[in-house]
1. Give the calculated FRET efficiency between residue 91 and residue 63 to the nearest 0.05, with a Förster radius of 30 Å applied to their Cβ-Cβ distance.
2. I'd like to check one number: the per residue accessible area of the chain, probe 1.4 Å, reported in Å² as a whole number.
3. Nearest 0.05, what FRET efficiency do residue 7 and residue 281 give at R0 = 56 Å with Cβ-Cβ as r?
4. Show me, for the range 139-152, the HN-Hα J-couplings you get by feeding each phi into the Karplus relation (A = 6.51, B = -1.76, C = 1.60, θ = phi - 60°), rounded to Hz, glycine and proline as x.
5. Ignoring ligands, DNA and RNA, how do 187, 366 rank by accessible area with a 1.4 Å probe, largest first?
6. Round to the nearest 0.05 the FRET efficiency obtained for residue 47 and residue 113 when R0 = 45 Å and r is the Cβ-Cβ distance.
7. Relative contact order (percent) for the range 237-315, with alpha-carbon contacts under 8 angstrom and 6 or more residues of separation?
8. Using the C-alpha gyration tensor of the range 196-271, what are the square roots of 5 times its eigenvalues, in whole angstrom, with the largest one first?
Amino acid sequence: MNKTILKKYANLLIKSGLNVQPKQDVLIFANVEIYPFVEMLVKEAYKAKANYVRVIWADDEIYKAKINNAPLSVLKQFTGIDKAEMDYRIEKYPCMLHILSSSPDASKGIKQDKEHAMIVERNKFIKPYRDILDNKYQWCIAGYPSKAWGKKIYPELSANRAQEKLLEDILKVSRMGEDPNKNWEEHNKNLKSKCETLNNLHLKELHYTSSNGTDLRVGLIPEANWLGGAEETVDKKIMFNPNIPSEEVFTSPKKGLAEGIVYSSKPLSYNGQIIDKFYIRFKDGKAVEYDAEVNKDLLRDLLNIDEGASYLGECALIAHDSPINNTGILFLNTLYDENASCHLAVGRGFTNTIKDYEKYSKEELHNFGINDSSSHVDFMIGTKDMKIVGKTIGDKEVVIFENGNWAI
Ligand code: ZN
């Protein structure tokens with residue numbers, strides 16, 4: 001891959017993604033396999049006058065070895081080092097860049113129950129920190145494939161070529177072109193205008209139907225906004241792009257108001273494994289019944305991380321005729337696949353969807369109906385014949401999506 005293009009990508013992630021400000025600290029979470037690109041990111045961050053850049057390295061095999069071999073009692077511990085790390089984050093509010101590289105089935109063979117028990121226990125310690133950090137720091141999630149991920153998508157190619165081909169796809173859907181930062185400025189304008197149209201409708205419900213059997217009504221919060229593209233931090237009002245790419249406009253639904261059944265339309269890669277061909281039935285907002293042809297146990301785990309994990313936290317709308325979907329590639333990674341299809345999320349809702357959210361306490365925000373959980377998992381439900389009818393606070397029905405695409 002051409003170095004100039006990669007430097008441009010690194011610049012996009014530091015500038016439009018994180019929007020690093022002088023004297024800010026930066027944390028980069030990355031896989032050891034992609035270190036040459038991480039070097040570029042670090043240099044770009046210092047070029048943006050970052051104060052201190054730290055890389056937190058990961059490796060799928062080391063992670064798996066740890067889960068499968070270390071005693072659960074040890075894995076569950078929230079040690080002094082963990083505490084120091086979280087204390088640092090709530091003191092400095094460093095920008096956080098997450099680079100996704102893992103193969104969708106990197107955790108095949110992992111002791112799933114043990115991992116689940118570890119996550120549940122550790123989330124109890126981490127959640128109070130996450131609540132403090134919420135909306136106060138710049139973050140961005142983007143991708144740079146490992147060889148294994150490339151091979152998963154292009155098994156017919158050599159590992160090197162497969163990685164490069166998938167990287168080319170990723171750069172394409174990340175709106176690179178001549179001037180990536182300018183492309184993102186333009187793209188954000190378009191997303192904001194879509195949000196405005198939706199906000200002016202004052203919707204209180206969405207009714208999703210599709211020929212695959214989906215028939216789901218989801219209640220919305222009249223005080224909540226539709227958001228999309230760039231966001232800003234609550235105190236310092238620094239703009240950043242949380243996801244590169246991002247094609248969605250989304251809102252947080254009202255906890256307790258979801259009735260009916262919804263079928264997945266793409267495989268879901270979760271914790272390094274794939275859950276596929278599943279449905280979830282909701283009653284009074286809660287997932288009460290579910291099944292999956294692939295990995296039902298993992299679906300059960302993700303719905304049971306905590307109380308809020310079985311309630312909805314996000315409704316996101318993306319046209320079926322979208323740039324990512326039109327590549328025809330199934331990336332087997334939620335960052336890309338969720339931006340190719342309408343999706344929902346179970347778990348934590350977004351408090352910043354509430355108008356003037358900074359004026360309310362956490363508790364008040366949840367009283368509006370924003371779901372709370374330590375987890376947030378998107379799953380794709382959009383199809384080419386999906387219809388979505390909205391109901392306004394004045395009980396008027398408006399067709400929002402017809403045949404998988406925007407009708408407004
Ligand atoms: Zn989303």
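The values are calculated or read from the model by the stated rules, or taken from the named source; none is laboratory data. Quick caveat, the model's predicted, so the values are computed rather than measured. Glycine gets a Cβ as well: all are built from the backbone with ideal geometry, and neighbour counts include every protein chain shown. Quick note on the areas: whole protein, heavy atoms, side chains included, nothing else; ligands and nucleic acids left out. Shrake-Rupley method; radii C 1.70, N 1.55, O 1.52, S 1.80 Å.
1. Working: r = 27 Å, r/R0 = 0.91.
Working from the Cβ atoms, E equals 0.65.
2. Numbers: 18000 Å² over 408 residues.
Per residue, the chain has 44 Å² of solvent-accessible surface.
3. Numbers: r = 48 Å, r/R0 = 0.87.
So the FRET efficiency works out to roughly 0.70.
4. For the range 139-152, the Karplus curve yields 9, 8, 10, 9, x, 8, x, 7, 4, 5, 5, x, 4, 5 Hz.
5. Details: 187 10, 366 50 Å².
Sorted by accessible area, descending: 366, 187.
6. Details: r = 45 Å, r/R0 = 1.01.
E between residue 47 and residue 113, to the nearest 0.05, is 0.50.
7. Numbers: 111 pairs, mean separation 23.0, N = 79.
Normalised by residue count, the contact order of the range 237-315 is 29 percent.
8. On the way: eigenvalues 138, 70, 26 Å².
Its equivalent ellipsoid spans semi-axes of 26, 19, 11 Å.
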